[in-house]
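Peer 1: Let me begin by handing over the structure; questions about it come next.
Rule-based calculations on the coordinates, nothing more; no lab input. A quick note: this is a predicted structure, and the numbers were derived from the prediction, not measured. All Cβ positions, glycine included, derive from the backbone under ideal geometry; neighbour counts span all protein chains shown.
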Amino acid sequence: MNAHRPRLVVMVSGNGSNLQAILDACEYGWLGADVVGVVCNKAGVPAIARAERNNVPVVILEPLAGEPRHTYDIRLRAVVQNFKPDVVVLAGFMRILSNQFLEHFPSRVVNLHPALPGELPGTHAIERAFAESRDHWRTHSGITVHLVLDEGVDTGPVLASEVVPIHIDDTLEIFSERMHEREHVLLVQTLSDLCRKISSLQESESVL
Ligand code: GRF
């Protein structure tokens, strides 16, 4: 393994199609990084099998009944820190992270949000955008990849975003598929740019 290949930890909660895009991109050399760990907050979801098929270590860390958010986040932070990540990728991780977690990985947490910057924060953004389009006033939505600096929901400095059209004859399934296809490409491209920057920074530090 190249000493300067950034180490990614991918955090997931469900299907894991974006995790798969990252794993494939690493395997085919489109993304100069290694997924060193996957962390999932839900047992039995398809993302876990995707990681296992790619021989990536997976930790399933479910919240305990009634566990406060900050207590869970302290446990989560220990698990993630164990992988010594350069970048933590939230690829469909359906929990809001508190400062107990975030301050441990400053400017190193990247989130994928299925809407344009500042739009439709929270869950079901694809379904909400589609419903608005059926009310005849929304013609597009989009996707955003951004840094997570604080506890704001789907906010933070934008690394990349892209408009995704909603066509008049779309069904929710067709629109969702278009969104996911674009997410897979934009997330990999953005991580690739970020990892290139991290690699060159690490290289220049190592020659000093
Ligand atoms: C994606 O639409 C992502 O933008 C959102 O959750 C979904 C996860 O999809 N945050 P998958 O699990 O990667 O298939």
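Peer 1: In whole Å, how far is the Cα centre of the stretch 19-35 from that of the stretch 118-162?
Peer 2: Taking the Cα centre of the stretch 118-162 as reference, the centre of the stretch 19-35 is 25 Å away.
Peer 1: What percent does the relative contact order of the chain come to when contacts are Cα pairs within less than 8 Å and at least six residues apart? Intermediate values should be presented prior to the final figure.
Peer 2: Numbers: 370 pairs, mean separation 44.9, N = 208.
Contact order relative to length: 22 percent.
Peer 1: Right, another one. Sum up the charges of everything whose Cβ sits under 12 Å from the Cβ of V145, counting Lys and Arg as +1 and Asp and Glu as -1, but leave V145 out. Please list the in-between numbers first.
Peer 2: Details: positive: R182; negative: D154, E162, E183, D193.
With Lys, Arg at +1 and Asp, Glu at -1, the neighbours total -3.
Peer 1: Moving to a separate point now. Given the peptides 124-130, 137-143, arrange them by the average over their residues of other C-beta atoms within 10 Å, most packed first.
Peer 2: Values: 124-130: 18.6, 137-143: 16.7.
By packing density, highest mean first, the sequence is 124-130, 137-143.
Peer 1: Please identify the helices of the chain, taking whole runs of DSSP H, that span at least 27 Å along their own axis as judged from the Cα atoms and have a mean Kyte-Doolittle score of -0.5 or higher. Please report the intermediate quantities before stating the final value.
Peer 2: Details: long enough: 172-207 (52 Å, -0.26).
For the chain, where a helix must reach 27 Å along its axis and average at least -0.5, the hits are 172-207.
Peer 1: What is the antiparallel percent of DSSP beta bridges lying wholly in the chain, to the nearest 5? Spell out each step's value before the answer.
Peer 2: Working: 11 of 27 bridges.
Beta bridges within the chain, antiparallel portion: roughly 40 percent.
Peer 1: Sticking with the crude label model, points 7 Å out along Cα→Cβ, report the distance from R53 to H4 in nm, one decimal please.
Peer 2: 3.4
Peer 1: Roughly what percent of Cα-Cα pairs across the stretch 7-203 reach past 30 Å?
Peer 2: Details: 3556 of 19306 pairs.
Cα-Cα pairs of the stretch 7-203 separated by over 30 Å account for 18 percent.
Peer 1: Calculate the dipole size of the stretch 7-203 relative to its Cα centre from +1 charges on Lys and Arg beta carbons and -1 charges on Asp and Glu beta carbons; express the result in debye to the nearest 20. List each step's numbers first, then the result.
Peer 2: Details: 17 positive and 25 negative charges, 107 e Å.
Using only the charged Cβ atoms, the result is roughly 520 debye.
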